[in-house]
1. Take the residues in region 1-49 that are of a type in the set (Asp, Glu) and either part of a helix (DSSP H, G or I) or surrounded by 20 or more Cβ atoms within 10 Å (Cβ to Cβ) (or both), then tell me which one is modelled with the lowest pLDDT.
2. Could you run through region 351-376 and say how many residues are hydrophobic (A, V, I, L, M, F, W, C) and either exposed (fewer than 13 other Cβ atoms within 10 Å of the Cβ) or more than 23 Å from the chain's Cα centre (by Cα) (or both)?
3. Of all residues in region 166-211, count the ones that are more than 38 Å from the chain's Cα centre (by Cα) and over 24 Å from Pro355 (Cβ atoms).
4. Kindly indicate whether Thr363 is out of contact with any Leu (no Cβ under 9 Å at 6 or more places or on another chain) and of a type in the set (Ser, Thr, Tyr).
5. Any idea which of (1) in a helix (DSSP H, G or I); (2) touching a strand residue (DSSP E or B) at 6+ places or on another chain (Cβ under 9 Å); (3) among the small types (Gly, Ala, Ser) is the one Ala549 doesn't satisfy?
6. Scan Lys271, Lys252, Lys332 and give me the residue that is of a type in the set (Lys, Arg), buried (at least 16 other Cβ atoms within 10 Å of the Cβ) and either part of a strand (DSSP E or B) or modelled with pLDDT under 95 (or both).
7. Could you go through region 226-236 and let me know if any residue there is on the phi < 0 side of the Ramachandran plot and part of a strand (DSSP E or B).
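The values are calculated or read from the model by the stated rules, or taken from the named source; none is laboratory data. For clarity, every value in this text was computed on a predicted model and none was experimentally measured. Here Cβ is always computed from backbone atoms with ideal geometry, including for glycine, and neighbour counts include all displayed protein chains.
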Amino acid sequence: MEKTWDHKKHEEKIYKKWEGSGVFTPPSGEKALKSKVKPFCVIMPPPNANDPMHVGHAMFVSVEDVFVRYHRMKGENALWLPGTDHAGIETQYVFEKKLAKKGQSRFDFDRETLYQMIWNYVEENSGVAIDQMKRLGASADWSRLKFTLDKDIVDLVLDTFINLHKKGLVYRGERLVNYCTRCGTSYSQLEVEYVERKDPLYYIKYGPFILATTRPETKFGDTAVAVNPKDKRYKKWIGGKIEVEGLIGKFKLKVIADTIVDMEFGTGAVKITPAHDENDFQMGERHNLEIKQVIDFKGKLMKVAGKYAGLGVVNARKRVVEDLQAKGLMEKIDENYVHRVGTCYRCGRVIEPLPLTQFFIKTKPLAKKALKALDNKETVICGAGREKILRHWLENIKDWNISRQIVWGIRMPVWFKGKDKNEYVVSKKSPGKGYVQETDTFDTWFSSGQWPVVTLKTNKEKDFEYYYPTTMMETGYDILPIWVMRMMLLGIEMTGKSPFKHVYLNGLIRDSKGQKMSKSKNNTIDPTDMIEKYGADAIRMALVMSSAAGQDKSVDENTIRGMRNFANKIWNAARYIESRLQAAEGSQPSFTTLQSAEGYEPPFAEKKFDERLKMIIKTVNNHLEKFRIGMAAETAYNEFWHWYCDEVIEQNKKNEISNKALLEGLKTFLKLLHPFVPFVTEAVWQEMKFEGLLIEQRWLGSSVRHSGK
């Protein structure tokens, strides 16, 4: 063996050996069903097809690969099914930024041309993430790779929508939706990122009232003043009308009473603008108020705003405030009002609540089934407090608007007859002459929400029958409601079964100071650079070591460098053993060879060695079975470095532990460490001329686990 572990000489060769062996590809069809071997199935969270790998990808690849390798070595049929995501608005947004650099925009192209341009862009870059995952050692079955825009996937996604519509779980209606005027599309409540910020709170004179608002530019859409029915200050006004002096003339408003009004906010009286605030919209429905839209889908004020029409929201607010002050209609301004503001998760622009006719899924009936699956432990959430969060979302869920006003995605199978769009047909194909297809596409999470079902149903024969429900879903806790919840909603509705038995939620990767990683802070880690410098094993171990479900993890380059030293430790321990075995060859009968003699009794140190090994195996097994991956890695790391290397090898030097025992200890640790640091352990296994590939070896103390199917 060479003096030091050189990952650059070994990793690519080893990965090719694994791929060539067929070990990544578990059985399918009748062979799988008749094997009666327990399946272990993980569906890979599909990364964006055009995105290079970031540290979050490296985390999920590392965690999932540990569990897949562990269960594969236990003799289970372990399927890790990979895929990539078209990613809807995220991909289109990135592509539009590329267009902008050329002085172009999406409006320069017709729908079909723009779609094809994005398709070509994704296709050109789609192999990048996959190649990088392979460099990390991902032992996924690449023969089963799926893409969210594969034709067979799209067909099933359309079928799901059609079936939901037939069941009465889909409706079309005008509701207030979260709209980004820069990205040009609506979002669901789960895709809005709320930020806390300081804004002026304006106190405006409205006839006999003083009303507090952060949005004076929407006053042209006001249709009522609301107070709390328990507020004695305004009791005499409730049910009547008031005349208000405005910037473009006088206007009349109803005065309504509603319990949603907070008596402690401002003066306890608020203006109601049903077209631009969710609470106002709901009050408008309860009190039969008119909806007057002030802001259009480009973020400009409309004709109803009179002389302010055509101004963007920010400029309009400035002008309106100046004119209210000039006209004596501004009572005062509180410059230090702190509140939460919804922003676009893609571009960061403030979200505009706007009235829009969309397709919605009725989610409450689906949520009841998902809650039942949690109650029955059909699905178990790993991560302290995370199940409580999921239950909160399920219990307070709103109908899901799945229409998106973008080109890149799966076009909705809806056909309208006539320009008014009152009459429509839900069908994969056009019903006939005179029908025009809906231009909206599905929310990307609608197709992703079906991922465990559609990937297995469109794959190898009997995959769905054998591998569904899947064993584990692993993903970041930040998309628990946006993705995991939706997979449960749709998976249960489609199949009658929750799509996974366990949900392992990893945390965010933070820097050494605990700060969130971002390019602006210059504290990000490029996994590809780290692999190049220190090897895949180093970044894998750095990410999983001492990690826990649902908890954030701090990692920096020093952490990764330290784990490169651990790979060297494994290599050097093997070199020492190799040298001891070579020195013993051809020598007189020694302590090593005496073990095979009749009546040989191992020394006390060796008995303790065997007992310690059994304890370590049991501990690592127990941690992995209970999804305590960080503790499993920590145990294997500490026991190898501080016991086996620091103590046992020293005992061997003193002839207190035999070469044979030391060799068996090495084989044991190579198996225990293989799921975490697969490259260096496989390389050592080959260098020591042990039989076969390490990745195919049977796990310690395991027997084939049989399926109940």
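1. Here the answer is Glu30.
2. Taking region 351-376 first, the residues hydrophobic (A, V, I, L, M, F, W, C) are 351, 354, 356, 359-361, 366-367, 370-371, 373-374.
Adding the requirement that they be either exposed (fewer than 13 other Cβ atoms within 10 Å of the Cβ) or more than 23 Å from the chain's Cα centre (by Cα) (or both) leaves 354, 356, 359.
Count: 3.
3. Step one: list which residues in region 166-211 are more than 38 Å from the chain's Cα centre (by Cα), which gives 202-211.
Still in the running and over 24 Å from Pro355 (Cβ atoms): 203, 205, 207-210.
Residues that pass the stated criteria total 6.
4. Working: out of contact with any Leu (no Cβ under 9 Å at 6 or more places or on another chain): no; of a type in the set (Ser, Thr, Tyr): yes.
When the stated conditions are applied, Thr363 does not pass them.
5. (1)
6. Numbers: Lys252 fails: buried (at least 16 other Cβ atoms within 10 Å of the Cβ); Lys332 fails: buried (at least 16 other Cβ atoms within 10 Å of the Cβ).
Of Lys271, Lys252, Lys332, the one residue that is of a type in the set (Lys, Arg), buried (at least 16 other Cβ atoms within 10 Å of the Cβ) and either part of a strand (DSSP E or B) or modelled with pLDDT under 95 (or both) is Lys271.
7. Here is the first cut: in region 226-236, the ones on the phi < 0 side of the Ramachandran plot are 226-236.
Among the residues that remain, those that are also part of a strand (DSSP E or B) are: 226-227.
Yes - at least one qualifying residue is present in region 226-236.
Residue by residue, here is whether (1) within 22 Å of His10 (Cα to Cα); (2) crowded, with 24+ Cβ neighbours inside 10 Å; (3) not β-branched (Val, Ile, Thr) holds:
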residue: Trp643; (1), (2), (3): no, no, yes
residue: Glu650; (1), (2), (3): no, no, yes
residue: Lys671; (1), (2), (3): yes, no, yes
residue: Pro675; (1), (2), (3): yes, yes, yes
residue: Val684; (1), (2), (3): yes, yes, no
